[in-house]
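The values are calculated or read from the model by the stated rules, or taken from the named source; none is laboratory data. The structure presented is a predicted model; accordingly, all values stated were derived computationally and were not measured. Cβ: placed from backbone, ideal geometry, glycine included. Neighbour counts: every protein chain shown. Just so you know, the surface numbers come from the protein's heavy atoms only, side chains and all, with ligands and any DNA or RNA stripped out. Shrake-Rupley method; radii C 1.70, N 1.55, O 1.52, S 1.80 Å.
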Amino acid sequence: MSVGVLGTFVGIFIGLQAFNPEDIINSVNDILVGLKTAFFTSIVGMSVSTILSVTQTLREKPEDE
């Protein structure tokens with residue numbers, strides 16, 4: 001999960017680096033590239049976290065069941 005959050009901030013940071021408030025029209029593409037990175041890493045981080053949580057829960061079931 002932490003990797004996803006870190007990726008979100010890195011993606012937003014990447015998008016904002018090329019942002020020019022004086023030329024918003026041409027800066028939108030750069031922001032969208034950063035946001036795509038941010039959302040992708042968030043989705044990956046949340047997915048991996050969910051898979052690991054389910055795997056851990058299944059492994060912790062008592063053997064009596």
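Quick notes
- Cβ-Cβ distances below 6 Å connect the following pairs, each with a first residue in region 5-29 that is in contact (Cβ under 8 Å) with a residue 24 or more places away in the chain, a second residue that is of a type in the set (A, V, I, L, M, F, W, C) and open to solvent by less than 70 Å² (accessible area, probe 1.4 Å), and a separation of six or more residues or different chains: T8/A38; G11/A38; I12/A38.
- Tally, over region 8-65, of residues that are among the acidic types (D, E) and either open to solvent by less than 100 Å² (accessible area, probe 1.4 Å) or within 24 Å of the chain's Cα centre (by Cα) (or both): 2
- Against the list (1) touching a helix residue (DSSP H, G or I) at 6+ places or on another chain (Cβ under 8 Å); (2) without any contact (Cβ under 8 Å) to a residue 40 or more places away in the chain, the condition G45 fails is (2).
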